[in-house]
Amino acid sequence: MTEKKQSASLTELIHMILPSDTNAAGNLHGGVLLKLIDSTAAIVAMRHSRKNCVTVAIENTKFLEPVFLGELIILNGKLIRTGNSSMNIEVTASAENLQTGKIRHTNTALLTFVALDEKGKTTTVPKLLLETND
Ligand SMILES: CC(C)(COP(=O)(O)OP(=O)(O)OC[C@H]1O[C@@H](n2cnc3c(N)ncnc32)[C@H](O)[C@@H]1OP(=O)(O)O)[C@@H](O)C(=O)NCCC(=O)NCCS
């Protein structure tokens, strides 16, 4: 079984909030943010496994702060555990106000992805090689 470092799949995704992402009040839709969180975690899973991966679970996530039209949403994804075919990924989301440069933490989500082979069956993934005490 091969091993891979966490750093090999670290992912940062940055998205500017446009009118199509918001409600009438100019706040980012929760569903749009969930899609960005899911996409970030999918990239982590596929970078680690180099396989097609599907979302199995998105654990309880809370929307701690509103995000507004014209702000950036910054998503950072990291692999925190591997099983046989499954991968647990943590995604943190932060909002950046482009005028002030102020950054605020808005969400942390935990997701589980499973790697699939060419026939759509679950397949093993490299083990996570831990690099730090954290
Ligand atoms: C993912 C899927 C292939 C798993 O099939 P399955 O027959 O349940 O497979 P298994 O029972 O062998 O489980 C596979 C792995 O998923 C994990 N798993 C299954 N259900 C889970 C859940 N609800 N939460 C967390 N992990 C779960 C298992 O623990 C196992 O991990 P391991 O291989 O590391 O030990 C199947 O459930 C599926 O196709 N789901 C739909 C996925 C999808 O369409 N997602 C949205 C679009 S991407």
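The values are calculated or read from the model by the stated rules, or taken from the named source; none is laboratory data. It should be emphasised that the depicted structure is a prediction, and the values quoted were computed from it without experimental measurement. Positions of Cβ are backbone-derived with ideal geometry, glycine not excepted, and every protein chain shown enters the neighbour counts. What goes into the accessible areas is simple: the full protein's heavy atoms, side chains included, and nothing from ligands, DNA or RNA. Shrake-Rupley method; radii C 1.70, N 1.55, O 1.52, S 1.80 Å.
Brief remarks on what is shown
- Cβ pairs under 9 Å, 6+ apart, first in the stretch 8-33 and closer than 21 Å to residue 79 by Cβ, second part of a loop (DSSP other than H, G, I, E, B) and among the hydrophobic types (A, V, I, L, M, F, W, C): 33/63; 33/67
- The strands (runs of 3 or more DSSP E) found wholly in the stretch 20-134 and carrying at least 1 residues that are under 12 Å from the mean Cα position of the chain (by Cα) occupy 52-58, 72-82, 86-96, 103-116.
- Screening residue 109 against (1) of a type in the set (Gly, Ala, Ser); (2) within 16 Å of the ligand (Cβ to nearest atom); (3) closer than 25 Å to residue 132 by Cα; (4) open to solvent by 20 Å² or more (accessible area, probe 1.4 Å) leaves a single unmet condition, (4).
- Picking from residues in the stretch 69-85 that are open to solvent by 40 Å² or more (accessible area, probe 1.4 Å) and in contact with a helix residue (DSSP H, G or I) (Cβ under 9 Å, 6 or more places away or on another chain), the one that is nearest to the ligand (Cβ to nearest atom) is 80.
- Tally, over the stretch 53-76, of residues that are touching a His at 6+ places or on another chain (Cβ under 8 Å) and farther than 23 Å from residue 112 by Cβ: 2
- Any hit, the stretch 86-102, residues being over 19 Å from residue 11 (Cα atoms) and touching a residue at least 24 places away in the same chain (Cβ under 8 Å): yes
- Against the criterion of being within 16 Å of the ligand (Cβ to nearest atom), open to solvent by 70 Å² or more (accessible area, probe 1.4 Å), polar (S, T, N, Q) and under 23 Å from residue 7 (Cβ atoms), residue 88 does not qualify.
- Criterion violated by residue 28 - all others in (1) more than 16 Å from the ligand (Cβ to nearest atom); (2) open to solvent by 50 Å² or more (accessible area, probe 1.4 Å) satisfied: (2)
- Selection of the stretch 48-68 for residues being away from the ligand (no atom under 16 Å from the Cβ) and closer than 19 Å to residue 110 by Cα yields 62, 63, 64, 65.
- Any hit, the stretch 36-57, residues being farther than 30 Å from residue 132 by Cα and either at pLDDT 95 or above or open to solvent by less than 90 Å² (accessible area, probe 1.4 Å) (or both): no
- Scanning the stretch 50-104 for residues that are closer than 18 Å to residue 39 by Cα and of a type in the set (Asp, Glu) returns 59, 90.
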